[in-house]
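Asker: Input: one structure, supplied below.
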Amino acid sequence: MGLAEEARRLARLLAGSRYAVAFTGAGVSTESGIPDFRGPQGLWRRVDPEVFSIEYFMEDPLGVWRLFAELFAGFRGARPNPAHHALARMEELGVVKTVITQNIDGLHQAAGSRRVIELHGSLRWARCTRCGHRVPLEEALREVEEGRLPRCPRCGGVLKPDAVFFGEPLPDDALREAYREAGRADLVLVVGSSLTVYPAALIPEYAARRGARLAIINLEPTSLDSLAVFVSRRRAGEILSAAARELEAMMGAR
Ligand code: NAD
């Protein structure tokens, strides 16, 4: 199927939905130059995933901070791409109600999405592993640059990037809100997620089991493709921006 036909099909699904929710993963940001983990150019090819587990962090916090700082340098200056902009436009049109994201890069908000649920935290903060106090991430990174382990200004505990590491629970409020939104949805648009990182990946499945239709945009197959009413293997920026234009035309928007 050609791009135009695919985009029209997706736009029709969106236009016909009552409550559409987007669920995004690292693949929505690769076109901004941020590598995903498991895609063809993924980070997993270079870095052992174990490094971003809480156990490993507790064993060697400064080592993990150094690696994190190196990865973070790749995020700095990244700009939203057409996929982020298209999702923000779909929200503006009143069609996409919420974006549930596994990403920590803040690019949905930078593109103008207002209702964003961050399941895995963000790159804005570092958090004390002892008392929970938050410090801007940049401050913690300055310590790392100077070769010191960042510590809490309140209690002296070790600071950790406020992104969810493997082995850590997801933030309660974000998870609760995500399930509430997924429960309301009649259409879930999955974008750039391998759907292999749990428990986040359970959310679209939960929505589908409650009757929501699934539309999946991912370069590679996912475990939910067989449940989906729409699957595209195109780049997210390409198909989403074409679909947003179709949607605008269908809705008579300027
Ligand atoms: P993942 O890396 O497991 O999977 C990403 C998927 O996106 C892959 O299947 C890949 O084929 C697909 N993809 C890559 N580029 C694409 C494109 N342009 N268009 C369509 N599909 C594309 O990602 P995940 O499921 O989100 O899980 C990885 C975990 O790592 C997540 O928890 C996430 O929080 C974290 N992470 C976040 C960032 C970020 O914030 N940008 C970056 C890397 C990893």
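Asker: What percent does the relative contact order of the chain come to when contacts are Cα pairs within less than 8 Å and at least six residues apart?
Answerer: Working: 456 pairs, mean separation 67.3, N = 254.
Normalised by residue count, the contact order of the chain is 27 percent.
Asker: Based on DSSP, what percent of beta bridges with both residues in the range 1-153 are antiparallel, to the nearest 5? Intermediate values should be presented prior to the final figure.
Answerer: Working: 3 of 11 bridges.
In the range 1-153, approximately 25 percent of DSSP beta bridges are antiparallel ones.
Asker: Please give me, ordered by residue number, the GluC sites (Glu not before Pro) of the range 116-217 that lie in loop per DSSP and have at most 10 other Cβ atoms within 10 Å.
Answerer: Numbers: sites: Glu118, Glu138, Glu139, Glu143, Glu145, Glu146, Glu177, Glu181, Glu205; in loops: Glu146.
Counting only loop positions with at most 10 other Cβ atoms within 10 Å, the GluC sites (Glu not before Pro) in the range 116-217 are Glu146.
Asker: A further question follows. Going through the range 137-217, which trypsin sites (Lys or Arg not before Pro) have at most 15 other Cβ atoms within 10 Å and a DSSP loop state? Don't jump to the answer; show the numbers that get you there.
Answerer: Values: sites: Arg142, Arg148, Arg151, Arg154, Arg176, Arg180, Arg184, Arg209, Arg210, Arg213; in loops: Arg148, Arg154, Arg210.
Loop-located and lightly packed - Arg148, Arg154, Arg210.
Asker: Would you mind getting me the FRET efficiency between Phe166 and Arg130? Use the beta-carbon distance for r and R0 = 25 Å, nearest 0.05. Before the final figure, lay out the partial values.
Answerer: Numbers: r = 20 Å, r/R0 = 0.82.
Step by step, r from the Cβ atoms, then E = 0.75.
Asker: Another question, then. Convert each backbone phi in the range 206-214 into a coupling constant with the Karplus relation 6.51 cos²θ - 1.76 cosθ + 1.60 (shift: θ = phi - 60°), then list the ³J(HN,Hα) values in order as whole Hz, x for Gly and Pro.
Answerer: Once rounded to whole Hz, the list reads 4, 4, 5, 5, 8, x, 5, 7, 10.
Asker: Additional query: Each residue of the range 240-252 in turn: what ³J(HN,Hα) in whole Hz from Karplus with 6.51, -1.76, 1.60 and θ = phi - 60°, glycine and Pro shown as x?
Answerer: Rounded to whole hertz, the list is 5, 6, 5, 5, 5, 5, 4, 4, 4, 5, 4, 8, x.
Asker: Here's a follow-up. Per 0.36 nm of contour for each residue apart, how much would the distance between Ala78 and Leu219 grow if the chain were fully extended, relative to their Cα-Cα spacing?
Answerer: On the way: separation 141, 0.36 × 141 = 50.76 nm, distance 2.10 nm.
In short, 48.7 nm is gained.
Asker: Next question, about the same structure. Taking only Cα atoms and a 10 Å spring cutoff, compute GNM fluctuations for the chain and point out the largest among Val135, Val190, Val231.
Answerer: Highest fluctuation among the options: Val135.
Asker: Have a look at Pro80, Leu224, Met1 and report the one farthest towards the positive end of the charge dipole of the chain, computed about the Cα centre with Cβ charges (Lys/Arg +1, Asp/Glu -1).
Answerer: Farthest towards the positive end: Met1.
Asker: Given Cβ point charges of +1 (Lys, Arg) and -1 (Asp, Glu) and nothing else, what value in debye, to the nearest 20, does the dipole of the chain about its Cα centre take?
Answerer: Values: 34 positive and 32 negative charges, 152 e Å.
Result for the chain is approximately 720 debye, rounded to the nearest 20.
Asker: Under a 5 Å amide H to amide H cut-off, with H placed in plane at 1.01 Å, what residues pair with Tyr19 once short-range neighbours are removed?
Answerer: Asp186, Leu187
Asker: Treat every Asp and Glu Cβ in the range 208-254 as -1 and every Lys and Arg Cβ as +1, leave all other atoms uncharged, and give the resulting dipole magnitude about the Cα centre to the nearest 20 debye. List each step's numbers first, then the result.
Answerer: Working: 8 positive and 5 negative charges, 30 e Å.
Dipole size: approximately 140 debye.
Asker: Taking a quarter of the surface of the Cα convex hull of the chain, what do you get in nm²? All intermediate terms of the calculation are to be shown ahead of the outcome.
Answerer: Numbers: hull surface 53.5 nm².
Answer in nm², one decimal: 13.4.
Asker: Suppose each label sits 7 Å from its Cα in the direction of the beta carbon; what would the Glu146-Arg114 distance come out to in nanometres?
Answerer: Reported label-point gap for Glu146 and Arg114 is 4.1 nm.
Asker: Right, next: Mind checking the dipole of the range 48-189: about its Cα centre, +1 per Lys or Arg Cβ, -1 per Asp or Glu Cβ, Debye to the nearest 20? Don't skip to the end; give the middle numbers.
Answerer: Working: 19 positive and 22 negative charges, 112 e Å.
Computed about the Cα centre, the dipole is about 540 debye.
Asker: I've got another one for you. What 222 nm value per residue comes from the helices of the chain, counting each DSSP H run with n ≥ 4 as -39,500 (n - 2.57) and dividing by all residues, nearest 500 deg cm²/dmol?
Answerer: On the way: 9 runs with 96 residues, N = 254.
The helix contribution divided over the chain gives -11500 deg cm²/dmol.
Asker: For the range 148-254, calculate the relative contact order in percent as a whole number, restricting contacts to Cα pairs under 8 Å that are 6 or more residues apart. Don't skip to the end; give the middle numbers.
Answerer: Numbers: 107 pairs, mean separation 18.9, N = 107.
Worked out over the range 148-254, it gives 18 percent.
Asker: Could you tell me which residue out of Val21, Ser53, Gly237 lies farthest along the dipole of the chain toward its positive end? Charges go on the beta carbon: Lys and Arg +1, Asp and Glu -1, centred on the Cα centre.
Answerer: So the residue furthest toward the plus end is Val21.
Since every read-out is calculated from the coordinates, none of them should be taken as a lab result. Keep in mind that what you see is a predicted model, and the values were worked out from it rather than measured. Note: ideal-geometry Cβ built from the backbone for every residue, glycine included; neighbour counts use all protein chains shown.
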